[in-house]
Amino acid sequence: MRSAYNSNPINYVCLFMIYPWQQAQWLKVQQQKRASRLPHALLMLGAEGLGKLDFANHLARSLLCSSPDDAGNACGECAACKLMTAETHPDLFILQAEERGKAIKVDDVRQLSSKLSLTSQFGGYQVAIIVDAHDMNINASNSLLKTLEEPSNETILILVSSNPQKLPVTVRSRCQVITFNIPDAQQSLSWLESQNIQQAQALLQLAHGAPLLALNLQQDDLLEHHKLLVSSLLKVAQNQPLIDLAEQLHKLPLSYMLNWLFDWIEDLIKLHQCGDSAQLVHVAQQAELKQLVSRSSLSGLYDYLDQLTKNKQLQSIPLNTQLLWEDLLLSWYKTLKRA
């Protein structure tokens with residue numbers, strides 16, 4: 001087991017507060033806690049970029065703090081809080097895969113279950129957070145079932161997932177689901193602006209409305225990567241050589257780039273089917289997309305989406321990304337040529 005604080009750091013704005021779009025979920029779990037009806041297993045679902053892991057960490061702090069405030073927020077000053085900040089609290093366990101996208105293995109789950117079977121060292125709750133719980137392989141999921149069915153007293157399991165369909169029904173059915181939805185656009189924009197984020201509207205569109213993903217796009221210079229992708233697609237459409245373009249693209253984060261390329265093709269499909277009423281991700285490039293509609297066919301675009309879907313599924317294995325982008329750009333060019 002590894003600490004989630006190392007590879008999934010808590011956002012500083014959420015250490016002692018809940019994000020604005022999480023207030024209803026927080027009130028619910030705090031009401032359950034006060035009524036001594038908090039479930040032993042919680043499954044936190046929602047798209048990436050909504051702060052599910054931050055919420056789970058905040059809840060863990062609340063449960064383990066010796067002096068939470070009236071709203072349930074951890075005090076940040078007691079011995080338990082200081083241990084959590086130092087990542088050494090003996091009653092807090094974080095389970096996640098060794099690398100993002102890799103499997104959580106059965107031995108890791110067995111180790112967690114063994115620790116949870118022991119008495120709490122602080123005499124209160126024991127809290128376990130399983131990050132990207134959908135990464136558990138089938139044996140790991142089956143191993144977790146016993147702990148879910150027969151939890152120790154004062155044990156709280158918090159599963160966090162953006163792909164719940166990959167979790168076995170047997171696991172999901174034993175958890176109380178807490179769903180996090182994409183917040184209202186104005187609420188997201190107001191929050192992003194409070195974080196001094198520039199181009200908040202454009203970032204939020206690229207992030208499909210997820211505020212924290214939009215925040216990361218600017219902090220990690222990903223918006224510049226997106227601009228390079230769009231520029232490359234337009235240059236290929238103008239019959240410019242694609243080898244050099246592929247050379248530039250293959251150095252950039254593959255997951256983000258494939259997702260944005262997927263959005264680009266979906267925007268073209270929407271324009272084909274809905275015209276000016278289409279809700280686009282690439283609003284800023286609407287004029288360019290409209291010009292490409294006449295050069296593309298629905299069947300060709302759907303074929304290209306199939307190719308992209310297969311490429312996205314192969315991300316977990318080593319790929320020659322230079323060749324991958326050469327193939328993708330060539331297929332994009334052919335998609336336009338055969339309309």
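Bear in mind these aren't lab numbers, they're just calculated from the coordinates by the rules spelled out. A quick note: this is a predicted structure, and the numbers were derived from the prediction, not measured. Cβ placement follows ideal geometry from the backbone for every residue including glycine, while neighbour counts extend to all protein chains displayed.
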Exercise. About its Cα centre, how strong a charge dipole does the chain have in debye, to the nearest 20, once Lys and Arg get +1 and Asp and Glu get -1 at the Cβ?
Worked result: 660 debye
Exercise. To the nearest 0.05, what FRET efficiency results for Leu298 and Ser194 with a Förster distance of 41 Å applied to their C-beta separation?
Worked result: 0.45
Problem set entry | Set Lys52/Lys310; Lys227/Lys270; Lys102/Lys166 screened for pairs whose C-alpha atoms are more than 23 Å apart | Lys52/Lys310
Exercise. In percent, what relative contact order does the range 4-181 have, based on Cα pairs under 8 Å that are 6 or more apart in sequence?
Worked result: 31 percent
Seminar exercise, completed: Counting Lys and Arg as +1 and Asp and Glu as -1 over every other residue whose Cβ sits under 9 Å from the Cβ of His282, the net charge comes to -3
For this session: For the chain, state the semi-axes of the equivalent ellipsoid (square roots of 5 times the eigenvalues of the alpha-carbon gyration tensor), sorted largest first and rounded to whole angstrom.
Result: 42, 22, 17
Exercise. Using the Karplus equation 6.51 cos²θ - 1.76 cosθ + 1.60 (θ = phi - 60°), what ³J(HN,Hα) coupling, rounded to whole Hz, does each residue of the range 113-119 give in order, writing x for Gly and Pro?
Worked result: 4, 4, 5, 6, 6, 7, 6
Exercise. If you project the alpha carbons of the range 221-337 onto their three principal axes, what span does each projection cover, largest first, in Å?
Worked result: 39, 27, 24
Seminar exercise, completed: Relative contact order in percent for the chain (Cα pairs under 8 Å, 6+ apart) equals 17 percent
Problem set entry | Formal net charge of residues neighbouring Lys227 (Cβ-Cβ distance under 15 Å; K, R +1; D, E -1) | -3
Exercise. Can you list the HN-Hα couplings for the range 72-87, worked out from phi with the Karplus curve (6.51, -1.76, 1.60; θ = phi - 60°), rounded to whole Hz and with x for Gly and Pro?
Worked result: x, 6, 4, 6, x, 10, 6, 4, 5, 5, 5, 5, 5, 4, 7, 6
Seminar exercise, completed: Charge tally for neighbours of His89 with beta carbon under 14 Å away, counting Lys, Arg as +1 and Asp, Glu as -1, is +1
Exercise. For Ile178, which sequence-distant residues (separation of 5 or more, or a different chain) have an amide H within less than 5 Å of its own amide H, given hydrogens modelled in the peptide plane?
Worked result: Leu43, Met44, Leu45
Seminar exercise, completed: Taking placed amide H atoms and a strict 5 Å upper bound, the residues 5 or more places from Phe93 or on another chain that come that close are Val127, Ala128, Ile129
Exercise. Which value in Å is the Kirkwood Rh of the range 127-222 over different Cα pairs?
Worked result: 15.7 Å
